[in-house]
Amino acid sequence: MSQSVIRPGSTIGVLGGGQLGRMMALAGSNLGYRFIALDPTPESPCGQVAGQIVAGYSDQTAARELAERSDVITYEFENVDAEVAALLEELSYVPQGSRLLYTTQHRLREKRAVEKAGATVAPYAEIGSEADLREAVSRLGIPCVLKTAMGGYDGKGQWVIRSESEIGPAYAELSKAGVELVLEQFISFVKEISVIAARSPRGEIKTFPVAENIHVDNILHVSIVPARVNEKVQQEAERLAANIAESMEAVGLLAVEMFLTEDGEIYVNELAPRPHNSGHYTMEACATSQFEQHVRAVCNLPLGPTKLRTPVVMVNVLGEHTEDVEGIVVNSTETGFNVIPKVHLYGKKGSAPKRKMGHINLLCDDVEDGLNWIQQTNIWRNQN
């Protein structure tokens with residue numbers, strides 16, 4: 001079954017109905033696939049462009065219905081109920097499997113898998129008590145970062161410890177989650193970069209160009225491609241991502257987030273076994289988008305070319321930016337800059353500050369033009 005080709009016309013089931021599922025369905029429909037999502041929110045972003053089963057992710061009856069209606073099942077976020085993922089493996093074809101989820105849902109398991117693949121992670125320690133934390137802080141040094149081993153995204157579930165006085169409060173706050181904790185040495189980096197790797201059941205692997213990422217308030221603000229790093233760093237980052245995907249026998253996409261230090265060392269920070277925010281630039285800027293590539297990978301089709309066709313800057317649209325960005329769509333696409341803005345809005349109901357509502361891919365001859373456009377439009381005035 002692992003070598004099966006899922007042919008166009010088949011139905012792809014998606015665990016999750018968010019924007020990643022939406023863009024996956026839009027890309028996959030061009031190849032002739034049908035989609036159905038499982039998500040608890042009626043008319044979810046994916047449900048607006050595909051079929052939808054409205055139910056919770058832990059609902060086993062709904063999971064059985066998804067299996068019955070799908071020829072292959074994928075997921076658009078990693079915090080999927082592991083028992084449901086395992087049930088779906090029994091009932092249907094889930095080429096990504098539950099093992100990859102099991103690994104990437106847990107920071108300690110993930111770090112060990114990355115190390116096994118031959119990549120470097122920040123020195124870390126497993127924390128089971130406040131005494132463990134105090135000992136680890138003394139060993140790893142201040143500043144350091146305490147994180148929950150499970151859950152957490154966009155900066156949630158973590159605490160940067162900058163003084164000894166914060167050790168007790170940090171442990172008290174994060175231990176409320178009732179899961180294991182991990183302490184990481186703080187890496188002094190000059191850039192955050194990422195690579196999206198794709199692997200199919202037949203073992204074919206392709207990587208997308210390196211993205212340079214800038215975060216604001218722990219949320220991705222912009223991705224810049226080509227990344228402003230030398231060719232040696234780009235080649236090494238792509239090599240590491242491909243090696244990790246191969247070592248973990250990943251199927252579909254694997255986003256590998258990394259830190260680059262002043263002396264050129266690369267540390268792997270996190271993995272995501274799905275399409276990723278830092279890969280949105282591929283939608284117009286690459287020969288194949290990350291979403292089409294994911295569909296190709298899980299259906300065991302030949303992977304598409306990943307060549308960069310134009311420099312690009314991707315900027316996230318959060319709730320506080322939505323009204324101004326809608327104005328760009330309604331009024332004019334003429335910018336006065338050497339930039340072509342391609343707007344993607346996700347159809348989410350209810351805009352809120354810091355909530356991801358869309359993104360814009362700024363196609364340009366030089367990434368500095370895209371960055372200047374972001375500054376001059378003044379939409380993101382509080383994010384630079």
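The values are calculated or read from the model by the stated rules, or taken from the named source; none is laboratory data. Here the structure is a predicted model, which means the values were calculated and not measured. No Cβ is skipped: glycine too gets one built from the backbone with ideal geometry, and neighbour counts run over all protein chains shown.
Data overview
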item	result
Region 61-95: number of residues that are more than 14 Å from A37 (Cα to Cα) and within 15 Å of the chain's Cα centre (by Cα)	2
Extreme residue, nearest to Y93 (Cα to Cα), among residues of region 179-210 that are buried (at least 21 other Cβ atoms within 10 Å of the Cβ) and among the charged types (D, E, K, R)	R199
So K191, is it modelled with pLDDT under 95 and not aliphatic (A, V, I, L, M)	no
The one condition in (1) crowded, with 16+ Cβ neighbours inside 10 Å; (2) closer than 25 Å to E173 by Cα that I142 fails to fulfil	(1)
Pick from region 14-30, criterion closer than 16 Å to E284 by Cβ and surrounded by fewer than 24 Cβ atoms within 10 Å (Cβ to Cβ), ranking: farthest from the chain's Cα centre (by Cα)	N30
Pairs with Cβ under 6 Å, 6+ apart, first in region 14-37 and outside the structural domain of V72 (by TED's automatic domain parsing) and in a helix (DSSP H, G or I), second among the polar types (S, T, N, Q) and surrounded by 24 or more Cβ atoms within 10 Å (Cβ to Cβ)	none
Residue ranges of helices (runs of 4 or more DSSP H) in region 39-107 with at least 2 members among the acidic types (D, E), more than 25 Å from G347 (Cα to Cα) and assigned by TED's automatic domain parsing to the domain that holds R296	none
Given (1) in contact with a Phe, Trp or Tyr (Cβ under 9 Å, 6 or more places away or on another chain); (2) closer than 23 Å to R274 by Cα, index of the condition L183 fails	(2)
Qualifying positions in region 144-187 - at pLDDT below 95 and small (G, A, S)	A149, G151, G152, G155, G157, S175, A177, G178
I167 closer than 25 Å to C286 by Cβ and either surrounded by fewer than 22 Cβ atoms within 10 Å (Cβ to Cβ) or assigned by TED's automatic domain parsing to the domain that holds V313 (or both)	no
Subset of region 109-137 (residues that are surrounded by fewer than 18 Cβ atoms within 10 Å (Cβ to Cβ) and either in a helix (DSSP H, G or I) or within 19 Å of the chain's Cα centre (by Cα) (or both))	R109, R112, E115, K116, E130, A131, D132, R134, E135
Residue count for region 344-372, restricted to those that are among the hydrophobic types (A, V, I, L, M, F, W, C), in contact with a Ser or Thr (Cβ under 6 Å, 6 or more places away or on another chain) and modelled with pLDDT under 95	0
